[in-house]
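Comments concern the structure below.
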Amino acid sequence: MLNTLDWYSNKGESCMNVLAMSYEDMPYYLKPCFLHLACFPEDYEIDVRDLIRMWIAERILPQNDKKTLEETGEDCLQQLFERNMVQLSSPYTVGDDGRICRVHDLLRDLAIHEAEKINFVTIFRNPQDVNHSHRVTRRASLQSDSHELRKHIGPKTRSLLWFSSEEYIRINSLNLPEFRLLRVLEIQRVRDMEIRGLEQLIHLKYLGIQGCDEIKLHIESSLGHLKNLETFNLLGTFLTEEIEAIGLWTISTLRHVQTPHLNQWVLPFNANLRNLQTIATVQITEDSYKHDQFPCLNSLRELSLEIGKTNDGIAPILGTMPCLLSLDIFGNALRGIKIPKELVYPTALPNYQDLQSLSLKGMWDKSISLEERLFPRHLAILWLHDSLLGQDPMPELGKLQSLKTLVLMHTVLSNGTQMICPAGFPVLETLHVTDLHDGFLTRERLLNFSYLLIILQQDTIGFYSL
């Protein structure tokens, strides 16, 4: 957009002056958050969780002793939204990727313009941008598939964000000891890459290697050397070799751990994880069920776990999580694993009634009956995925007073009858269903909703604003 807008023409200067007034009017603590948005490519859908975690790692958020850093980040993002500086999706939209935010082209131009004036970030989009390289590059954003651009990133770089414009780009190797001062490292959509020296980045706070394929993390010693690490995110990335993860759990600063599957990563019972807020996805095996062999996770807010055939010890484990707000359960039906009642209704949670999001992926134990009074009263998001139910869940689910998003994916009734959406659902905003049939949701029932988004087979089929 910078290439198409003449900043020095009368029209361009007038437009930017108006936008610049909005920037200058911001409180001092919001300006770094806005400038950081310049790090992302044009039209990029920014994951809200990743964004806030980068802000935390960069230490650009204001101090607030009454809130967590994540809550402070949410407040700052909301303020940017209220000032019309970002576009923000609803907290209750459907998708495993969670909420996203976008930046309008002109506002992104403003962020880039202001950021480059104070050397906040250096953006490399093509080989011609290497003219920036004479400056000290504190934050580098690579928004190109050119392998040569990384040669112009200096050893004093504190943040490195690498975005591919293609589906995947092939990078032979990345030698991280060249960037020993890195605090933030984000790599997306690369393949066939060997990453060496990760454990030597002792200042690293945020690690994100997302949506990558055939990645080899060559770790010569232990992840435990990353004593300042807060976020460890490998979502959507295929590793060619398993890595030894025991050292990860010795890092007391850890706040968020997200990988496709932690099937061999056992949480040691004496792990010091008092700051850990997110684990996704950990596999609970039969050997993990002893209550005294699971660490106390007092700060955990999001948990995604894959259960085994024996589930007798999961309730005591949940009892160690007084702050949990989101629970995601997966039972592999191909292995004959069914979700037990204690997880359909996880009443063992100390704050069970405050649970806001519950996702149940897999078949339920056939003895379970649906009861509205057993679901958490503050439940806002409910996923039922690949569930074979003995009775229609809709009448009871319609009584949930706080439910805003309901997802029924490949969920059917064992007796072969069809589900019917009844009256109720006082605040429902999003209904995501597969295998929709005639009579599930009649026009008379639609009149009960002031607004409803219906999604069928991943495609939006209607916005209803009545």
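Got a sec? Which of 400, 379, 406, 384 is touching a strand residue (DSSP E or B) at 6+ places or on another chain (Cβ under 9 Å), part of a loop (DSSP other than H, G, I, E, B) and closer than 27 Å to residue 282 by Cα? Please lay out each step first, then the result.
Numbers: 400 fails: closer than 27 Å to residue 282 by Cα; 406 fails: part of a loop (DSSP other than H, G, I, E, B); 384 fails: part of a loop (DSSP other than H, G, I, E, B).
Selected residue: 379, the only one of 400, 379, 406, 384 that is touching a strand residue (DSSP E or B) at 6+ places or on another chain (Cβ under 9 Å), part of a loop (DSSP other than H, G, I, E, B) and closer than 27 Å to residue 282 by Cα.
Tally time: how many residues in the range 177-211 are buried (at least 20 other Cβ atoms within 10 Å of the Cβ), part of a strand (DSSP E or B) and among the charged types (D, E, K, R)?
The qualifying residues number 1.
Tell me whether the range 415-434 contains one or more residues that are of a type in the set (D, E, K, R), touching a helix residue (DSSP H, G or I) at 6+ places or on another chain (Cβ under 7 Å) and modelled with pLDDT of 80 or more.
So far as the range 415-434 goes, no, none of its residues is of a type in the set (D, E, K, R), touching a helix residue (DSSP H, G or I) at 6+ places or on another chain (Cβ under 7 Å) and modelled with pLDDT of 80 or more.
What number of residues in the range 98-118 are small (Gly, Ala, Ser) and modelled with pLDDT of 90 or more?
The qualifying residues number 2.
Hey, could you check the range 312-326 for residues that are closer than 17 Å to residue 359 by Cβ and either surrounded by fewer than 18 Cβ atoms within 10 Å (Cβ to Cβ) or at pLDDT 75 or above (or both) and say which is nearest to the chain's Cα centre (by Cα)? Spell out how you get there, then give the answer.
Initial filter on the range 312-326 (closer than 17 Å to residue 359 by Cβ): 314, 318, 321, 324-326.
Right, trim to either surrounded by fewer than 18 Cβ atoms within 10 Å (Cβ to Cβ) or at pLDDT 75 or above (or both) and you get 318, 321, 324-326.
On the way: 318: 22, 321: 20, 324: 16, 325: 14, 326: 12 Å.
Among those residues, the one meeting the criterion is 326.
If you go through the range 119-168 one residue at a time, how many are at pLDDT below 85 and open to solvent by 10 Å² or more (accessible area, probe 1.4 Å)?
Residues flagged as at pLDDT below 85 and open to solvent by 10 Å² or more (accessible area, probe 1.4 Å) within the range 119-168 amount to 28.
Residue 174 fails exactly one of the following numbered conditions: (1) part of a loop (DSSP other than H, G, I, E, B); (2) modelled with pLDDT of 70 or more; (3) farther than 27 Å from residue 70 by Cβ. What is the number of that condition?
(1)
I'd like to know if the range 77-87 contains one or more residues that are surrounded by fewer than 21 Cβ atoms within 10 Å (Cβ to Cβ), without any contact (Cβ under 8 Å) to a residue 12 or more places away in the chain and within 21 Å of residue 381 (Cβ to Cβ).
Yes, the range 77-87 contains at least one residue that is surrounded by fewer than 21 Cβ atoms within 10 Å (Cβ to Cβ), without any contact (Cβ under 8 Å) to a residue 12 or more places away in the chain and within 21 Å of residue 381 (Cβ to Cβ).
May I ask you to say which residue of 187, 251, 246 is β-branched (Val, Ile, Thr), out of contact with any strand residue (DSSP E or B) (no Cβ under 9 Å at 6 or more places or on another chain) and free of Cβ contacts under 8 Å to residues at least 60 places away in the same chain? It would help to see each step written out before you state the result.
Details: 187 fails: out of contact with any strand residue (DSSP E or B) (no Cβ under 9 Å at 6 or more places or on another chain); 251 fails: out of contact with any strand residue (DSSP E or B) (no Cβ under 9 Å at 6 or more places or on another chain).
Unique residue meeting the criteria: 246.
Kindly list, by first and then second residue, each pair from a residue in the range 98-113 that is at positive phi to a residue that is open to solvent by less than 40 Å² (accessible area, probe 1.4 Å), limited to pairs with Cβ atoms under 7 Å and residues at least 6 apart or on different chains.
Taking only residues 6 or more apart or on different chains, the pairs are 98/47; 98/48.
Matching residues to (1) touching a Leu at 6+ places or on another chain (Cβ under 8 Å); (2) at pLDDT below 80; (3) open to solvent by less than 50 Å² (accessible area, probe 1.4 Å); (4) aromatic (Phe, Trp, Tyr):
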{"residue": "310", "(1), (2), (3), (4)": "no, yes, no, no"}
{"residue": "328", "(1), (2), (3), (4)": "yes, no, yes, no"}
{"residue": "334", "(1), (2), (3), (4)": "no, yes, no, no"}
{"residue": "338", "(1), (2), (3), (4)": "no, no, no, no"}
{"residue": "341", "(1), (2), (3), (4)": "no, no, no, no"}
{"residue": "344", "(1), (2), (3), (4)": "yes, no, yes, no"}
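Given the criteria crowded, with 18+ Cβ neighbours inside 10 Å and at pLDDT below 85, does residue 295 qualify?
So residue 295 fits the description; yes.
Criterion first (polar (S, T, N, Q), at pLDDT below 95 and open to solvent by less than 60 Å² (accessible area, probe 1.4 Å)) does residue 14 satisfy it?
no
Counting only residues that are closer than 10 Å to residue 238 by Cβ and either buried (at least 18 other Cβ atoms within 10 Å of the Cβ) or out of contact with any strand residue (DSSP E or B) (no Cβ under 7 Å at 6 or more places or on another chain) (or both), how many does the range 212-225 have?
So the count comes out to 2.
Out of the range 349-386, which residues are farther than 21 Å from residue 431 by Cβ and open to solvent by 40 Å² or more (accessible area, probe 1.4 Å)?
Once the filter is applied, which keeps residues that are farther than 21 Å from residue 431 by Cβ and open to solvent by 40 Å² or more (accessible area, probe 1.4 Å), the range 349-386 yields 350, 353, 354, 363, 365, 366, 367, 369, 373, 374.
The values are calculated or read from the model by the stated rules, or taken from the named source; none is laboratory data. None of the values given here were measured: they were computed from a predicted structure. Note: ideal-geometry Cβ built from the backbone for every residue, glycine included; neighbour counts use all protein chains shown. We work out accessible area using only protein heavy atoms, side chains counted, and drop any ligands, DNA or RNA first. Shrake-Rupley method; radii C 1.70, N 1.55, O 1.52, S 1.80 Å.
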